[in-house]
1. So G162 ticks every box in (1) at negative phi; (2) free of Cβ contacts under 8 Å to residues at least 24 places away in the same chain but one. Which box is left unticked?
2. Restricting to region 213-263, count the residues that are modelled with pLDDT of 80 or more and not hydrophobic (A, V, I, L, M, F, W, C).
3. So, of the residues in region 183-212 that are modelled with pLDDT of 80 or more and of a type in the set (V, I, T), which turns out to be nearest to G173 (Cα to Cα)?
4. Is it true that S134 is of a type in the set (S, T, N, Q) and loosely packed, with under 13 Cβ neighbours inside 10 Å?
5. Might you let me know whether region 126-140 holds any residue that is closer than 30 Å to V235 by Cα, modelled with pLDDT under 75 and among the aliphatic types (A, V, I, L, M)?
6. Taking the criterion of being in a helix (DSSP H, G or I) and either modelled with pLDDT under 85 or assigned by TED's automatic domain parsing to the domain that holds G111 (or both), would at least one residue in region 45-61 satisfy it?
7. D64 is checked against (1) assigned to a helix (DSSP H, G or I); (2) closer than 29 Å to D180 by Cα; (3) of a type outside the set (K, R) and fails just one. What number does that condition carry?
8. From the list T5, T91, T82, which one is more than 30 Å from Q118 (Cα to Cα) and not assigned by TED's automatic domain parsing to the domain that holds A178?
Amino acid sequence: MRASTVISFAVALGLAVLAVFGVRGWMQAERAEIELSAKQADATKNYIVVAKGGLGFGDRITADRVELLEWASDRLPAGAFTKIEDLVGDTDENARYVLATMEAGEMILPGKITTPGQRAKLSTAITPGMRAVSISVNDVLGVAGFVLPGDRVDVMLTRNDGTGPFVDVLLQGVRVVAIDQTADDRADQPSVVRTVTFEVSTDEAQKLTLAANIGTLSLALRNLGAGEMQKTDRVTVVDLNSADSSKRDQELVRAQAELAAARAAQDQTSAEALARVAKLETELQALRADAAKAAVVAAPAETVAETVAVAAAEPSAALPDFANVGVIRGGQRAEYRVLMFLDQ
């Protein structure tokens, strides 16, 4: 075998060995980089505690009723719990209870649970600054028992002030926090209740207390999505006697418009009549002046030596005759004298 062939084979073998080790080192470096990235990704993962199933008012939070859920963002919601141990108490002294209904998978926030060791009482479910006031109802006034905790209602007051009974809408969109002794807003079965508790402001609490003593309170159930307040009017017995009060108002407005138009037409007619009378008075004065001039006796002719005939005066024009004309304007009558021409 030639020496050049041996050398070429040795060089090729060396290059192959170098290539193998080079590829192996590159693959190990890539694998290490991938493992490092995975470890870093695991280290930056965030988790939040959510409800494992439905939770209602008064339920105690235990480890089997919550779970961890991976949170994709590196920014956690304010107040979110990241460890089950921070939420679940191991004794009754540091146990937590649910204040607001939560569905499965819903994030648990401090505002929906009690502080450690605090019991789930109605006072803890009241919004800060608000008050809880209860009123007595029956199966009719309480919407046949279909009002449940969490609903919103309008409160109406019926009373009599001596002139007759009437109804006013006292409050709108009031939140119901409890019925009888039940504050669980998961209750979905209607029942005849005797007491309904509302969450109201201090002023609204005063109105409810006063209204309960001077009249009868009734509830009107609202759609949960209807948050707007409506302008309402007092309803009296007169409104009940009208089949359609709005139609009656429209007819009244139309009658008033027709009366105003008739009065305007009457005023225009009266103005035209007065203008014609004024014109006739002017013409009458002119005729009177002409008649006065024609009635003057002609002066005697001058005497001369010869007898001359005196020209006879032209016959005077016939004096005009007059008639009275009555014009009614604005409910008052006025008399005018109008010239009348008579044939000789």
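The values are calculated or read from the model by the stated rules, or taken from the named source; none is laboratory data. None of these values were measured; they are calculated from a predicted model. Cβ placement follows ideal geometry from the backbone for every residue including glycine, while neighbour counts extend to all protein chains displayed.
1. The single condition G162 does not satisfy is (1).
2. Adding up the residues that qualify gives 16.
3. Initially, region 183-212 is screened for residues modelled with pLDDT of 80 or more, giving 195-212.
Filter once more, keeping what is of a type in the set (V, I, T): 195-197, 200, 202, 209.
Numbers: T195: 18, V196: 14, T197: 14, V200: 10, T202: 16, T209: 17 Å.
Filtering region 183-212 for residues that are modelled with pLDDT of 80 or more and of a type in the set (V, I, T), the one nearest to G173 (Cα to Cα) comes out as V200.
4. Details: of a type in the set (S, T, N, Q): yes; loosely packed, with under 13 Cβ neighbours inside 10 Å: no.
No, not satisfied.
5. yes
6. As a first pass, look at region 45-61 and keep what is in a helix (DSSP H, G or I): none.
No, region 45-61 has no match at all.
7. The number of the failed condition is (2).
8. Numbers: T91 fails: more than 30 Å from Q118 (Cα to Cα); T82 fails: more than 30 Å from Q118 (Cα to Cα).
Of the residues listed, the single one that is more than 30 Å from Q118 (Cα to Cα) and not assigned by TED's automatic domain parsing to the domain that holds A178 is T5.
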